[in-house]
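Only one structure is covered here, and it is reproduced in the block below.
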């Protein structure tokens, strides 16, 4: 092992909600951390866009650098990257740190999902740690659990609710009976959704980055780049939530990663789950990860997924790990031993489907739909037709038996041209 | 860091269900472990009472020692202690290993709960690891999560279902409508309960050992020795489970550890929990641990609690940790920094109570009970009286508002002498 100093200099780049909270926690918990690890720590450099922005916790302006790359004028041992870009300055500053043999800790899932392979290789080459526990499910130390606690298990599947914003919105729509836009505004006001651009949470991108990181750890593969089914919750209407409710179902945005026939299948999409299941009762901003492995069976991990508190908890656990001298491979095993894995063909992903059609209330419309389904061998489990006489419309909800993606896509495409169908059907997959 | 050999010799003492499974897993996963850690491992010594007993997995008799202390004739780096006694040869062999600078891994909660402080001190002195992840909630790496993943959180409370045997029995009584004795037999047949002496599971002793270990890790205190409320499930009758069911409640054996007024409160007893809660839906052999901390909020960990598979998963995670060179303090911080903590006085523990009286069906019996409760300021939330006319008896169930242990004990004592009360009341606390 490498001989180390007993004292570690720390830099934080990015002083938004997370970075600023972390800065404060580091100051408050300095003594506790030093007691538990026997090492000294000192924040020697901080950087952000705006030195004089009003922040919740006061910063020491004497160690502030306007240009983040200037922090390297100081001797630094550990860098916290809390800017959060998937590339750009986030990537630049992390690469530079690793090359200078500086440990890096980041909650930046976008960066790791995109460049994690190369960055981990760089860390390995320079014999420093690249840690990103906070990038997935803040309050749950799930990455360390996979890398260490469950290290010898053969994991077959890992899935869960990986985005607190969307889970809050779906829960709140159900509880308050308010529509998507109204609840989104509420989420923004409460700080659960980005005020300026909540898109990356809503469209599944954020959850997908986490799925890719979880896959890489669980299955020891390189981060996959393949195109997968990624759907967000933007098209879920209050109406769907109400109908699901009647069917004892609940809409959840699930991230799923699974090995099927030795191929990797990753997806993020809304699912209808039974209200009596565990996952159906993870509500609000909570995150949950469910892991199926051998010999442990099924394990469940639930906790707050977002917010500076839980994120900071994970950032500091990474710090403790480094201070204790635990030199780990970022993805659990040496870079050279991580496999490239073939992707499962999405076309053959099969599910029961919930299809909601808004149609003109005319004779023959329902049969034109069911005939089309029959033609594609999609058998119907249940039909609920609700007329809206005033507007001469009807809502038709069909729950199908299992069918493949390719089959349902082909089958449904025709309805775009059907004049009696007012809206292309809303499709939500049922969780198997 | 200490310079180490690249090759580790392993001994296993105790080849029962756990030890034998572990022996097989080590052989199967040798290559995987070596790949992930870059270290070589070799089982060089095994020991058990009976060399020729029929075992599920065949052992190499060439490395078998009848006297466990003879294993030290070989050069050993890591010892697995899987005998399971709270003292005796288990203690002796672990002490000897630590003194010889041999790392020790054990799932033995009884040993750790009783002698963990001294053993961890010994490990620290000799600069080796004493690891016991498998001692609590086998399939859930909860100890490592507290020590590492949540290291900088301030934990306030930790509780859960820590014994799979009792949870299986309670679930199965509810599902099958069979009485305690019958379900216990079923549990023994399925291998969930000890065939010869299931007492330590049933009376709460096993769960209590786990509570003591969790407390020590969560609150950084030395293992407490104080007398606490420890009740098992032996007195829970099918009748109670049925009545609870009607009240939308479920009986669970909970282990609870909490800091109240800077004092440590630890307990194990059956609780009535709401069926709509998370903990109310952890059924069968599952274990669950719920942790409340700052800043993470509430985190939940669920997994299979017992059986050789999950236990072995944790034993191997400890092995990986040692092979990677992670030298940790057994309880997260140096022995000298762990506090002795005062115990909370059980008398002031308060709960709502479920009281079931079996009485003679005579006028005045109910009022004699309610008068007595009133005298002790125990106010009644709900009364359910069910007559059994044939036998001239009645069942009276009373749900009270909150009252302290000392108060309820004083209040109820008189009923022992009441001739109209056929059975001293069954008391189950409601979970707050």
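The values are calculated or read from the model by the stated rules, or taken from the named source; none is laboratory data. Just so it is clear, the structure is predicted and the values come from calculations on it, not from any experiment. Methodologically, a virtual Cβ is constructed for each residue, glycine included, from the backbone with ideal geometry; neighbour enumeration extends over all protein chains shown.
Before moving on, here are some points about what is shown:
- Members of the range B:149-182 found to be out of contact with any helix residue (DSSP H, G or I) (no Cβ under 6 Å at 6 or more places or on another chain) and without any contact (Cβ under 8 Å) to a residue 24 or more places away in the chain, listed by number: B:175, B:176, B:181, B:182
- Looking only at the range B:157-194, and only at residues there that are under 30 Å from residue A:311 (Cα atoms) and within 14 Å of chain A (Cβ to nearest Cβ), the one that is surrounded by the fewest Cβ atoms within 10 Å (Cβ to Cβ): B:158
- Test: residue B:396 is loosely packed, with under 14 Cβ neighbours inside 10 Å and closer than 18 Å to residue B:246 by Cα: no
- Qualifying positions in the range B:319-329 - more than 9 Å from every other protein chain (Cβ to nearest Cβ) and either without any contact (Cβ under 8 Å) to a residue 60 or more places away in the chain or within 20 Å of residue A:36 (Cα to Cα) (or both): B:322
- Qualifying residue in the range A:251-260 (condition: in a loop (DSSP other than H, G, I, E, B) and touching a residue at least 24 places away in the same chain (Cβ under 8 Å)): no
- Residues of the range B:392-408 classified as under 16 Å from residue B:360 (Cβ atoms) and either free of Cβ contacts under 8 Å to residues at least 40 places away in the same chain or not in a strand (DSSP E or B) (or both), total: 3
- Residue match in the range B:271-294 (condition: surrounded by fewer than 23 Cβ atoms within 10 Å (Cβ to Cβ), assigned to a strand (DSSP E or B) and within 8 Å of chain A (Cβ to nearest Cβ)): yes
- Given (1) in contact with a strand residue (DSSP E or B) (Cβ under 9 Å, 6 or more places away or on another chain); (2) closer than 20 Å to residue B:334 by Cα, number of the condition residue B:83 does not satisfy: (2)
- Counted residues, the range A:31-52 - those being surrounded by 15 or more Cβ atoms within 10 Å (Cβ to Cβ) and modelled with pLDDT of 95 or more: 7
- Test: residue in the range A:360-382 that is over 33 Å from the mean Cα position of the chain (by Cα), under 26 Å from residue A:261 (Cα atoms) and in contact (Cβ under 8 Å) with a residue 24 or more places away in the chain: yes
- Residue within the range B:229-237 that is buried (at least 23 other Cβ atoms within 10 Å of the Cβ) and farther than 28 Å from residue B:388 by Cα present: no
- Pairs with Cβ under 9 Å, 6+ apart, first in the range B:38-54 and free of Cβ contacts under 8 Å to residues at least 12 places away in the same chain and away from chain A (no Cβ under 14 Å), second surrounded by fewer than 19 Cβ atoms within 10 Å (Cβ to Cβ) and part of a strand (DSSP E or B): none
- Filtering the range B:188-211 to residues that are part of a helix (DSSP H, G or I) and within 16 Å of residue B:253 (Cα to Cα) leaves B:199, B:200, B:201, B:202, B:205, B:206, B:207, B:208, B:209, B:210, B:211.
- Only listed residue being facing another protein chain (nearest Cβ under 9 Å) and under 16 Å from residue A:105 (Cα atoms), chosen from A:138, A:149: A:138
- Residue B:333 vs. criteria in contact (Cβ under 8 Å) with a residue 24 or more places away in the chain and either assigned to a loop (DSSP other than H, G, I, E, B) or closer than 28 Å to residue B:262 by Cα (or both): yes
- Scoring residue B:267 on the criteria (1) outside the structural domain of residue B:207 (by TED's automatic domain parsing); (2) closer than 18 Å to residue B:155 by Cβ; (3) at pLDDT 95 or above leaves a single failure, condition (1).
- Selection status of residue A:332, farther than 21 Å from residue A:136 by Cα and within 11 Å of another protein chain (Cβ to nearest Cβ): no
- Any hit, the range A:299-311, residues being free of Cβ contacts under 8 Å to residues at least 24 places away in the same chain and facing another protein chain (nearest Cβ under 7 Å): yes
- Just one of (1) assigned to a loop (DSSP other than H, G, I, E, B); (2) in contact with a helix residue (DSSP H, G or I) (Cβ under 7 Å, 6 or more places away or on another chain) fails for residue B:58. It is (2).
- Residue B:374 vs. criteria touching a helix residue (DSSP H, G or I) at 6+ places or on another chain (Cβ under 8 Å) and either over 20 Å from residue B:251 (Cα atoms) or in the same structural domain as residue B:40 (by TED's automatic domain parsing) (or both): no
- Among the residues of the range A:340-360, none qualifies, meaning not one is facing chain B (nearest Cβ under 8 Å) and either part of a helix (DSSP H, G or I) or within 26 Å of residue A:154 (Cβ to Cβ) (or both).
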